[in-house]
Amino acid sequence: MKHSLKSERNGQGRPESVDAVECGEFSPLSAGDLSPSSARGGGFLRQARAGASARSPFAQWRCGLATATSRLRKAVTSHRTPKRARLRSIRVSLAFHLWPIVVLAFLLCGFPVHAATVSYQRDVWPIFKRHCLGCHTEGKAKGGLRLDDIAALKKGGKHGALFVSGKPDKSLLIQQVTGDPPEMPENEPPLTAEKVKVLRDWIAQGAKIDAVPKITRPAVVIPATYAFAPAITSASLSPDGKLAAVAVRSEVVLFNVDDDSPPRRLATDFDLVTHVEFSPDGKRLAAGGGSPQQFGGVIFFDPTDGKRHASRRVGNDTLFKGSFSPDGQTIALGGAGGAIHLIPVDEKAAVKAIDLHSDWVMAVAYTPDGKQLVSGSRDKTTKVSSAESLKLLRSVDQSAEPITAVAADGLTAISAGDARAVNGFDFKLALAGTEISGSGNGARPANNRSQYLRAYEAQPDAVLALATSGDRKLLAVATRAAEVRVYQTDTRARKTTIAKVPAPVQAIALNRDGTRLLLGSKSGEVQVYDMSGTAAKLLKTLVPVPVAPARAAAR
């Protein structure tokens, strides 16, 4: 009965709730009519009781709550009921009629909720990509485990399968990320509890692998004309010194040193080209780099026509500076994951990696015989490793600042960086003294740094780049200061100083016999010098890419 009624006893004419009326609490009958002795009243009560017994439990509770509400309103508004009695009535009514709400809330909150379906593509792959691919991908599969390939993921590594379907606690993956302390991610903060739960639920649900999402990123766009001259990040000269190559953002620019023919622009798919280098025979030009947190790679061009000879993808982050092996068949590049990557020109040959450092490997250099590698890192160390066994031979130096550049002549490993020092380390003495003398806490290498150190003079500012001539007789040093110094490697004496260069010089190169020097600056300017005489002679200055006229004039 959906209409409002007035209680004949409330004296205010306010409509009572329809629920209360329907539940039998209120009626248009008078008080006398509700008397049990009244025939009319007795019939009403019998009907009310019959209706109450026929209602469902929920309906009864609903009616009871409506009744309590009406009584509370009466108790609060009644001027004849003492205050204490009114409060007692409120407490009793609330306790009696609101308890079903509490029980219902408890049941709902405590009801078991099944884990949502975990998608490998949506939930698991982002965790692997963020925390694991730095060590478990092509070219750097630590423990023989790769996570960038579905077949390899299912196979596992040298320690066995990565997961046991339906059994997270027996899965190697969960054991590795939940140990005390967790073994993985290595040298990184542990996974959050939420991420561990995602991995657990995925395995518990059968470790199903849907498609790995294709990494999408904006296409690399190389402008026809730059608004500003981009910084030169790397430079190289052909063995005869007639052809120069520089790295400019996502492209490599080739130009002839001896004439004014237009530069040739070779596009890459890298966000940044960090290293360019001619092979020892001058028949190939390598461009290394990549896209941050996505991939590293190297492209091999034919410098005569600019066509791609081969292309390799390595890891999931940018590669840095390096060098060709003496035979020109492999290039070694530093990686963001702390490894040296040995990348064959032959696309069918496997990429190898040497895990050496705990931070970015900023530069790598082969020794003249191709048997050893010198590497420098942001972890402030300089290390010598075997290119044959892929093992560390010795950490020859621990600097106070990051190492940004390395080189090698026939006798020494050379490193430099933010500490403004160029240090040479005698190979023969350093590697012959790796045996240990003493024991326990007193164990030390047979000889220490001071015995094999061959230091050059102090530099005017932080060192940004080093370059040796092809015959390893000269060493060029570029710093943040507006000068470049060239040294003789046998005596470490300064041969030439080139002053007033466009600082800071970030890239430098010498040709095979050291008669020509190429430098590239952060300002985008490139210079070529003739080094055949006692003093350096400027041959050419240019900005290798087109720049908007207004910007060029402003320079």
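Taken over segment 237-276, the criterion of being within 14 Å of H309 (Cβ to Cβ) and either assigned to a strand (DSSP E or B) or assigned by TED's automatic domain parsing to the domain that holds K129 (or both) is satisfied by V252, L266.
If you check S395 against the conditions, is it assigned to a strand (DSSP E or B), closer than 23 Å to E188 by Cβ and of a type outside the set (A, V, I, L, M)? When the stated conditions are applied, S395 passes them. In segment 277-301, the residues that are assigned by TED's automatic domain parsing to the domain that holds F255 and surrounded by fewer than 22 Cβ atoms within 10 Å (Cβ to Cβ) form Cβ pairs under 6 Å with partners that are assigned to a loop (DSSP other than H, G, I, E, B) and acidic (D, E), at six or more places apart or across chains, as follows: S291/D271; Q293/D317. Hey, any hits in segment 349-359 for a residue that's assigned to a loop (DSSP other than H, G, I, E, B), buried (at least 21 other Cβ atoms within 10 Å of the Cβ) and either assigned by TED's automatic domain parsing to the domain that holds H131 or of a type in the set (A, V, I, L, M, F, W, C) (or both)? There is at least one residue in segment 349-359 that is assigned to a loop (DSSP other than H, G, I, E, B), buried (at least 21 other Cβ atoms within 10 Å of the Cβ) and either assigned by TED's automatic domain parsing to the domain that holds H131 or of a type in the set (A, V, I, L, M, F, W, C) (or both).
Scanning segment 105-126 for residues being small (G, A, S) and modelled with pLDDT of 85 or more gives a total of 1. Listed by position, the strands (runs of 3 or more DSSP E) contained in segment 456-548 that have at least 2 residues being touching a Lys or Arg at 6+ places or on another chain (Cβ under 9 Å) and without any contact (Cβ under 8 Å) to a residue 12 or more places away in the chain form an empty set.
Report yes if I209 is of a type in the set (V, I, T), crowded, with 16+ Cβ neighbours inside 10 Å and not assigned by TED's automatic domain parsing to the domain that holds V345, otherwise no. Answer is no for this residue. In segment 310-329, what residues are free of Cβ contacts under 8 Å to residues at least 24 places away in the same chain and closer than 22 Å to A267 by Cα? Within segment 310-329, no residue meets the criteria.
Take the conditions (1) out of contact with any helix residue (DSSP H, G or I) (no Cβ under 6 Å at 6 or more places or on another chain); (2) not assigned by TED's automatic domain parsing to the domain that holds A310; P185 misses just one of them, which is (1). Is it fair to say F163 is outside any loop (DSSP other than H, G, I, E, B) and either over 22 Å from the mean Cα position of the chain (by Cα) or at pLDDT below 85 (or both)? When the stated conditions are applied, F163 does not pass them. Of everything in segment 137-173 that is touching a residue at least 60 places away in the same chain (Cβ under 8 Å) and acidic (D, E), the residue that is nearest to V314 (Cα to Cα) is E138.
Using the structure shown, decide if H341 is touching a strand residue (DSSP E or B) at 6+ places or on another chain (Cβ under 6 Å), buried (at least 20 other Cβ atoms within 10 Å of the Cβ), assigned to a loop (DSSP other than H, G, I, E, B) and of a type outside the set (D, E, K, R). Break it down stepwise before answering.
Numbers: touching a strand residue (DSSP E or B) at 6+ places or on another chain (Cβ under 6 Å): yes; buried (at least 20 other Cβ atoms within 10 Å of the Cβ): yes; assigned to a loop (DSSP other than H, G, I, E, B): no; of a type outside the set (D, E, K, R): yes.
So H341 fails the test.
On the given criteria, is L191 assigned to a loop (DSSP other than H, G, I, E, B), in contact with a His (Cβ under 7 Å, 6 or more places away or on another chain) and modelled with pLDDT under 85? So L191 does not fit the description; no.
The values are calculated or read from the model by the stated rules, or taken from the named source; none is laboratory data. Values in this document were obtained by computation on a predicted structure and should not be read as measured data. Methodologically, a virtual Cβ is constructed for each residue, glycine included, from the backbone with ideal geometry; neighbour enumeration extends over all protein chains shown.
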